[in-house]
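Undergrad: Take this structure, written in structure tokens, and hold onto it; I'll ask about it next.
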Amino acid sequence: MKIYNTLSKKKEEFIPIEEGKVRMYVCGPTVYNLIHIGNARPMIVFDTVRRYMEHKGYAVNYVSNFTDVDDKIIKKAVEEGVEASVISTRYIAECKKDMEALNVKPATMHPLATNEIGGMLDMIRTLMEKGYAYQAEDGTVYFRTRNFREYGKLSHKNLDDLQGGNRSLLVSGENQKEDALDFVLWKPKKEGEPYWESPWCEGRPGWHIECSVMSKRYLGDEIDIHAGGEDLVFPHHENEIAQSEAANGKTFAKYWMHNAFLNIDHKKMSKSAGNFFTVRDIAGKYDLQILRFFMLSAHYRSPLNFSSELMEAAGNGYGRILNSVDNLNFLLQNASGREMTEEEKNLAKELDGFTAKFDEAMDDDFNTADAIAAIFELVKFANTHAKESSSAPFLGALKGRIVELSDICGLKVEKKEELLDGDIEELIAQRQAARKAKDFARADEIREELLNKGILLEDTREGVKWKRV
RNA sequence: GGCGCAGUAGCCAAGUGGUAAGGCAAUGGUCUGCAACACCAGUAUCCACCGGUUCAAAUCCGGUCUGCGCCUCCA
């Protein structure tokens, strides 16, 4: 299995630190509002990475935080006149609802920054003892960036270039810093803000320290994979590396994975530009499984544009898979339980070819677009070979394989059993009678009536099928 | 200004040295009372443009144009 590592800018063979186990940390959202569809991309992508690794037999310890102390949360709390924790608790609950609807598995552990303050104080203390941090007059604790020799190794930036780019910082009043590149580990509280006691001042942690601490606590000093959106490469992940490696004296993470952005009108989403959708907005218009399918239909390291046209197309494509499974279920209802014929046995053997293509795609840095192509080829194979006369074991094998591969992508392809209302069954029977009597006008009238109730009829060789639309 | 990514059919999107996957849309056909679903068929002599390397390039190198991202909170 190969993974593109931002650190080396190359695809590298994945070798876990501990055989059979994967320790993985994914930076989670700041919970000051409903999550937007851009937040959903890393959730979906890295959930799929996790599912594939589990499919390959790894025990994955997957940790993803919620940042629940932050300026934006405090601002919202002030606006509503409530405690910051009221805001964060509310949006963590809403985020979990969205994740479930996206079929994103809960992490092994979802730590909260505010529960980890003690660990942050310990790490900051260690950094100060080692000379990597210092306290300014106002109590702020800064990381001494120049002391970490490898600073810039992830984002491939040169310290002097950064110095130039940040020139404005030097004159913006942060002159208590020794160096413009230094970043905050701990900052003093402002009036009305949540705060914690510390050896330096009553205050709260900087943004970067929480991930270093939570990763260390739940996964250890060295982990296999650290992941997040590409905008986190600098400064967030770069700073995490500096803090963790300076404090622990060990390599922080072996593989760094970053997803590209989800764009709207080929531009990054932003509230000010007005091109901004929450996951909840989209859920009102589409099944969120379609959003998941849409995101996996492109490579995670490529920018992906979002539009209603593309969602329609994705919905149609995803519907093709659902339709195939639905058809197999329909055939299975009356299929013979006899053994597979020789011909069926030979066809069943071909199923492994689709799995091989799927695995090959996923092994190559999680090429979900290619993996989904393999599922489509499998769907076509199933549609071509599944017949009314097929045996139940054969049909079951076809369906099982589609469901298995789709499930690795986190795509639900089997509809729940739904019972028809007695009225609707009666209408279908009336339409069949009308058709038999060649009263097609009446038959079409009934079909139209059912369509208006959201029931779409299909007359197949095997009988009348229906589905909700 | 510095660093980096991308440009493949109407649309989306794989493919990174050996002669263009897959999906959506559209067309013709089979099936159907008609539809829908499904299946079959054809559909890019060519991968932004210009030059170069090679027996061979969409794939490597150089340049041009265009779009985007990071350097500041951000998935």
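Undergrad: Which residue is surrounded by the fewest Cβ atoms within 10 Å (Cβ to Cβ), if the candidates are limited to the range A:298-312 and must be within 14 Å of the chain's Cα centre (by Cα) and more than 6 Å from RNA strand B (Cβ to nearest atom)?
TA: Looking at the filtered set, the residue picked out is A:Arg301.
Undergrad: Looking at the range A:109-155, which of the residues that are of a type in the set (Ser, Thr, Tyr) and not in a strand (DSSP E or B) is surrounded by the fewest Cβ atoms within 10 Å (Cβ to Cβ)?
TA: A:Thr126
Undergrad: What number of residues within the range A:194-238 are over 25 Å from A:Tyr58 (Cβ atoms), more than 16 Å from RNA strand B (Cβ to nearest atom) and of a type in the set (Asp, Glu)?
TA: Residues in the range A:194-238 being over 25 Å from A:Tyr58 (Cβ atoms), more than 16 Å from RNA strand B (Cβ to nearest atom) and of a type in the set (Asp, Glu): 2 in total.
Table: residues versus (1) of a type in the set (Val, Ile, Thr); (2) surrounded by fewer than 18 Cβ atoms within 10 Å (Cβ to Cβ); (3) touching a residue at least 60 places away in the same chain (Cβ under 8 Å); (4) near RNA strand B (Cβ under 9 Å from one of its atoms).
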| site | (1), (2), (3), (4) |
| --- | --- |
| A:Lys254 | no, no, yes, no |
| A:Leu262 | no, no, yes, yes |
| A:His266 | no, yes, no, yes |
| A:Met269 | no, no, yes, yes |
| A:Leu288 | no, no, yes, no |
| A:Ala314 | no, no, no, yes |
| A:Gly319 | no, yes, no, yes |
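Undergrad: When you scan the range A:60-99, how many residues do you find that are among the aliphatic types (A, V, I, L, M) and more than 19 Å from A:Tyr195 (Cβ to Cβ)?
TA: Residues in the range A:60-99 being among the aliphatic types (A, V, I, L, M) and more than 19 Å from A:Tyr195 (Cβ to Cβ): 5 in total.
Undergrad: Let me ask you something else. Among the listed residues A:Asp421, A:Asp407, A:Asp363, A:Asp352, which satisfies the condition of being acidic (Asp, Glu), more than 9 Å from RNA strand B (Cβ to nearest atom), surrounded by fewer than 16 Cβ atoms within 10 Å (Cβ to Cβ) and under 23 Å from A:Met257 (Cβ atoms)?
TA: Checking each option against the conditions leaves just A:Asp407.
Undergrad: Taking the residues in the range A:321-348 that are surrounded by fewer than 15 Cβ atoms within 10 Å (Cβ to Cβ) and of a type in the set (Asp, Glu) as candidates, determine which candidate is farthest from A:Lys465 (Cα to Cα).
TA: The qualifying residue farthest from A:Lys465 (Cα to Cα) is A:Glu342.
Undergrad: Does A:Ile402 count as at pLDDT 85 or above, under 39 Å from the mean Cα position of the chain (by Cα), within 15 Å of RNA strand B (Cβ to nearest atom) and farther than 26 Å from A:Ser336 by Cα?
TA: no
Undergrad: For the range A:85-99, enumerate the residues that are over 12 Å from A:Val69 (Cβ atoms) and touching a Leu at 6+ places or on another chain (Cβ under 9 Å).
TA: Passing the criteria: A:Tyr91, A:Ile92, A:Glu94, A:Cys95, A:Asp98.
Undergrad: Quick check on this structure: which one of A:Val63, A:Val82, A:Val69, A:Val104 is more than 17 Å from the chain's Cα centre (by Cα), surrounded by 16 or more Cβ atoms within 10 Å (Cβ to Cβ) and not in a helix (DSSP H, G or I)?
TA: A:Val69
Undergrad: What tally of residues in the range A:374-403 results from selecting those that are without any contact (Cβ under 8 Å) to a residue 24 or more places away in the chain and closer than 20 Å to A:Lys56 by Cβ?
TA: Going through the range A:374-403 one residue at a time, the tally reaches 1.
Undergrad: Just name the residue that is surrounded by the most Cβ atoms within 10 Å (Cβ to Cβ) out of those in the range A:435-459 that are among the small types (Gly, Ala, Ser) and near RNA strand B (Cβ under 9 Å from one of its atoms).
TA: My answer is A:Ala443.
Let's see how each residue does on (1) polar (S, T, N, Q); (2) outside any helix (DSSP H, G or I); (3) within 14 Å of RNA strand B (Cβ to nearest atom):
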{"residue": "A:Asn327", "(1), (2), (3)": "yes, no, yes"}
{"residue": "A:Glu343", "(1), (2), (3)": "no, no, no"}
{"residue": "A:Asp370", "(1), (2), (3)": "no, no, yes"}
{"residue": "A:Ile375", "(1), (2), (3)": "no, no, yes"}
{"residue": "A:Thr384", "(1), (2), (3)": "yes, no, yes"}
{"residue": "A:Phe394", "(1), (2), (3)": "no, no, no"}
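Undergrad: Given the criteria within 22 Å of the chain's Cα centre (by Cα) and basic (Lys, Arg), does A:Arg320 qualify?
TA: No; evaluated as a whole, the condition is false for this residue.
Yes/no matrix, rows are residues, columns are (1) at positive phi; (2) in contact with a Lys or Arg (Cβ under 7 Å, 6 or more places away or on another chain); (3) without any contact (Cβ under 8 Å) to a residue 40 or more places away in the chain:
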residue: A:Ala429; (1), (2), (3): no, no, yes
residue: A:Arg447; (1), (2), (3): no, yes, yes
residue: A:Lys453; (1), (2), (3): no, no, yes
residue: A:Glu462; (1), (2), (3): no, no, no
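Undergrad: A further question on this structure: So which of A:Ile92, A:Ile44, A:Ile74, A:Ile37 is within 15 Å of RNA strand B (Cβ to nearest atom) and within 23 Å of A:Glu404 (Cα to Cα)?
TA: It is A:Ile44.
The values are calculated or read from the model by the stated rules, or taken from the named source; none is laboratory data. Remember, it's a predicted structure, so these values are computed and weren't measured experimentally. Counting neighbours? That spans all protein chains shown, and the Cβs are built from the backbone with ideal geometry, glycine included.
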